[in-house]
1. Give me a count of the residues in the range 156-187 that are crowded, with 24+ Cβ neighbours inside 10 Å and charged (D, E, K, R).
2. Can you find, within the range 63-122, the residue that is surrounded by the most Cβ atoms within 10 Å (Cβ to Cβ) among those that are at pLDDT below 80 and among the hydroxyl-bearing types (Ser, Thr, Tyr)?
3. So the check is Cβ under 9 Å with 6+ separation or different chains; which pairs have a first residue in the range 125-149 that's on the phi > 0 side of the Ramachandran plot and a second one that's at pLDDT 95 or above and not hydrophobic (A, V, I, L, M, F, W, C)?
4. Residues being surrounded by fewer than 19 Cβ atoms within 10 Å (Cβ to Cβ), modelled with pLDDT of 90 or more, on the phi < 0 side of the Ramachandran plot and not polar (S, T, N, Q): count how many of those fall in the range 208-229.
5. Condition first: closer than 14 Å to Ala260 by Cα and of a type in the set (Ser, Thr, Tyr). Now tell me which residues in the range 199-213 satisfy that.
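The values are calculated or read from the model by the stated rules, or taken from the named source; none is laboratory data. On a predicted model such as this, the values are computed, not experimentally measured, just so you know. Note that each Cβ is placed from the backbone with ideal geometry, even for glycine, and that neighbours are counted across all protein chains shown.
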Amino acid sequence: MELARPWLLSLIVPVVLVVWHRLRSRGMAPVVRHADLSLLAGTRPSLRVRVHRLLPLLSGLAMILLVLGASGPRIAHHSETVKGRGIDIVLALDISGSMRSLDFQPKDRLESAKDVIRGFIAGRPHDRIGLVLFAAKAFTQCPLTLDHPVLTGFLDEVQVGLIDDGTAIGLGLATAVSRLKHSDSPSKTVILLTDGANNIPTLEPETAADLAKSLGVRVYTVAIGKEGLVPYPVDDPFFGRRTRQVESHLDLDLLRRIAAKTDGRMFQATSADMLKQIFGTIDKLETARYETVVSTWYRELVGWCLIPAVLMVLLEVLLQVTWVRRLP
């Protein structure tokens with residue numbers, strides 16, 4: 001057990017002095033007026049009188065308990081230091097129009113990816129994680145952060161149409177790598193998720209891969225979906241939303257080259273379950289040492305002081321107005 005504010009115990013000294021003064025005053029105060037007190041010399045005080053004289057002890061003990069409670073008695077449960085080093089991870093997520101394809105039923109590719117990413121984030125509490133979105137352009141949705149609830153909130157807002165349509169894999173990868181440029185983590189990782197081929201010539205993906213290699217960033221590439229005909233939602237002005245088959249093309253060779261150049265791996269997910277398994281594999285591959293202190297938690301014992309103090313005060317008041325009541 002320990003005290004949160006041990007310096008408050010110094011107040012016990014004046015409390016003891018007040019109680020001593022009250023007891024001394026009661027012993028000296030006259031109780032009976034009589035012409036010849038020698039007639040009462042052989043009598044002894046009754047139990048009621050003795051209890052009345054000791055009443056200040058109840059309030060004194062109550063005040064001492066209140067001081068003890070104010071000092072914050074508590075039981076400290078064990079704290080431990082978890083040793084290790086955290087990883088910096090940036091997720092580069094494709095939000096081009098093809099991510100609305102429905103081959104990951106009952107959800108589309110983007111929503112399925114968001115569900116898996118949420119679980120991945122929740123499983124890495126000691127890692128800084130950031131989020132980059134790309135389509136025809138790329139931008140940082142959330143920088144590297146340990147505040148994972150905030151990151152998850154930004155992820156919830158992601159949807160197709162935030163950027164002009166297109167698939168700028170090179171630009172998306174370069175933007176993600178740039179977020180790790182000043183990182184001092186022993187392991188810097190980009191997880192690139194896309195369901196298409198690079199069709200925006202702003203920056204070649206191989207150039208972005210070279211940049212990642214030069215900065216010591218490992219890139220895992222994840223191809224989402226399957227090639228060939230896949231269901232895609234279409235809004236018809238006459239018949240409303242309906243589904244039709246569209247051609248899906250994945251540049252698996254490009255994703256494989258990017259991963260190989262940066263000592264990463266390439267994966268392909270054709271279902272939500274496969275995507276979850278892929279992120280589970282990456283989670284096991286990306287382990288590094290971290291160090292954090294697990295906070296100590298306390299069980300407060302103030303109630304064990306406050307309740308007896310209140311009962312003592314009530315008992316003193318009750319005795320004063322009943323059994324040991326002093327008559328005029």
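1. Qualifying residue count for the region: 0.
2. Checking each candidate, the answer is Ser79.
3. Partner pairs satisfying both residue conditions: none exist.
4. Qualifying residue count, the range 208-229: 5.
5. Keep residues of the range 199-213 that are closer than 14 Å to Ala260 by Cα, which gives 205-213.
Listed by number, the list holds a single entry, Thr207.
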